[in-house]
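These notes concern the structure reproduced below.
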Amino acid sequence: MPGVAQLSIDEMLSEARTAFEAGIKAILLFGIPSRKDPRGSEGYSSRGIVQQAVRELKKHVSGLLVITDVCLCEYTSHGHCGLIDPQDRSGRVLNDPTLKLLAKMALSHVEAGADIVAPSDMMDGRIMAVRNMLDDNGYIDIPILSYAAKFASAYYGPFREAAQSAPQFGDRRSYQMDPANGDEALREVAMDIEEGADIVMVKPALAYLDLVYRVKTVFRYPTAAYAVSGEYSLIKAAAERGWVNERAIVMETLQGIRRAGADLIITYWALDVARWLKEG
Ligand code: PBG
Ligand code: ZN
């Protein structure tokens, strides 16, 4: 991905420090494990890369809010977000057995010091599974940012390449949502709120601004939008060719997402935007 690279813990710490000093209040961590297996076990190990990173961040960058992505796809050898029957090549996930692992992963992040956990897998019932696990272990005040309305989108391509998390067979359409179906997004959000989500997210952002607006208007809940890797890369590519003015077009785009109702935007431009805002 243009301008985005995998970082070691040391590099990540200096990047996080720079971001914090530029005025960014929160970061979202994704892990790339050294070893993948069918159950994604590096994802919920206390010695996993994200768990280590969170501990270091809490030690060295105090005040920065640390959010962790909770999903198996970066850690599984098959690249799916949940467990798979080894005989089944369709990409269908085993929903309920996956919940235990996601809850375990969330707990391991919080034990390392994460301030917010963000399940991005789209299994049914995972918000409740994570909520119960955190509550049972005394973490009653740790919020859940739910990727509540996450669509099976072609806009995730650059991320999957950067995070080496593309599915090895099949696709994610058995768990992520159908881009044609907006009403289903509202049902997914309603279920996540019922299960205990504290912030609900729509993803991607730009092609789904109607849903950012509807989710905010219908539920009046803290609403996040994720401007994903494909949205970022499209503008980057055009800007590199001199076809658009990056700063102007990024600000306009983010303002549109904000105007649609997002209280919170996850974007790969965060550091640039923080600097631009400072420059005035
Ligand atoms: C993992 C995850 C993905 C993204 C965030 N978390 C990829 C996917 O679902 O395949 C995409 C982020 C981006 O494209 O910027 N479930
Ligand atoms: Zn995933």
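What follows draws every value from the coordinates through simple rules; no lab data is involved. Every value quoted in this text rests on a predicted model; they were computed, and no experiment measured them. For neighbour counting, all protein chains shown are included, and Cβ atoms are generated from backbone atoms with ideal geometry for every residue, glycine included.
For region 1-54 and region 236-280, compute the distance between their C-alpha centroids and round to whole Å.
Between the Cα centres of region 1-54 and region 236-280 lies a distance of 23 Å.
If I model a spin label as a point 7 Å beyond the Cα along the Cα-Cβ vector, how far apart are those points for residue 213 and residue 28 in nm?
2.2
Mind putting a number on the dipole of the chain about its Cα centre? Charges go on the C-beta only, +1 for Lys and Arg and -1 for Asp and Glu, and I need it in Debye to the nearest 20.
320
At 222 nm, what value in deg cm²/dmol follows for the chain if DSSP H runs of at least 4 each add -39500 (n - 2.57) and the sum is divided by all its residues, to the nearest 500?
For the chain, the value works out to -13500 deg cm²/dmol.
Can you give me the three principal axis dimensions of the chain from its C-alpha atoms, in Å, biggest first?
For the chain, the Cα spread along each principal axis is 51, 44, 36 Å.
Between region 167-199 and region 83-123, what's the alpha-carbon centroid distance in Å?
15
Can you tell me the FRET efficiency between residue 92 and residue 259 if r is taken as the Cβ-Cβ distance and R0 is 45 Å, rounded to the nearest 0.05? Show your work: numbers first, answer last.
Values: r = 38 Å, r/R0 = 0.85.
The formula returns an efficiency of 0.75 here.
Can you tell me which of 70-79, 240-249 comes out highest on packing, and rank the rest after it, using the mean Cβ neighbours within 10 Å? Don't skip to the end; give the middle numbers.
Numbers: 70-79: 24.3, 240-249: 12.1.
Averaged packing, sorted descending, gives the order 70-79, 240-249.
Fewest Cβ neighbours within 10 Å first, please rank 9, 266 accordingly.
9, 266
Around residue 104, what is the net charge, scoring Lys/Arg as +1 and Asp/Glu as -1 over all other residues with Cβ under 11 Å from its Cβ?
In short, +1.
Looking at the chain, send over the antiparallel percent of its DSSP beta bridges, to the nearest 5.
5
Figure the gain on full extension for residue 62 and residue 166 (residue separation times 0.36 nm, minus the Cα-Cα span) and round it to one decimal in nm.
34.1 nm
Starting with the fewest neighbours, write out 90, 41 ranked by other beta-carbon atoms found within 10 Å of each beta-carbon. Kindly include the intermediate steps, with their values, before the conclusion.
On the way: 90 12, 41 18.
With the sparsest Cβ surroundings first, the list reads 90, 41.
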